[in-house]
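The values are calculated or read from the model by the stated rules, or taken from the named source; none is laboratory data. Keep in mind the model is a prediction, meaning the values are calculated, not measured. Every residue, glycine as well, gets a Cβ built from its backbone with ideal geometry; the counts of neighbours run over all protein chains shown. Protein only, heavy atoms only, side chains kept; ligands, DNA and RNA dropped before computing areas. Shrake-Rupley method; radii C 1.70, N 1.55, O 1.52, S 1.80 Å.
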Amino acid sequence: LCVPAVPVLFKQALENTDVEEGKSISLRCELTKADATLVWKKGEATLQASAKYEMKQKGTVAELVIHNAEPEDA
């Protein structure tokens, strides 16, 4: 029996958030499937984990922390 894979959807999407320049901000979203593969992007560029960007994922919740936020991070 072949059962089609259920697509992963956002249960809770990202919300617009303001942050003071130089501070850290945490962006979170919730998915319908635990530990699904998630890629964070800014425009067409894929973000990579670094001192600037910290990616976390636990169960259905994915989080991107941006350290030392700048206007260019909008």
Under-25-angstrom lysine pairs by C-alpha in region 1-73, whenever the two are 8 or more apart or on separate chains:
20
Fraction of accessible area attributable to carbon and sulfur, the chain (%, probe 1.4 Å):
53
Just to be sure I understand, if you calculate Cα extents along the principal axes in Å for this structure, which of (1) 54, 21, 20; (2) 36, 20, 18; (3) 48, 21, 20 do you get?
(1)
Would you mind working out the accessible area per residue for the chain, using a 1.4 Å probe, and quoting it in Å²?
78
Taking the Cα-to-Cβ direction at Lys33 and at Ala13 and moving 7 Å from each Cα, how far apart do the two end points lie in nm?
2.0
Can you compute the FRET efficiency between Val6 and Lys41 using 1/(1 + (r/R0)^6), with r the Cβ-Cβ distance and R0 = 30 Å? Round to the nearest 0.05.
0.85
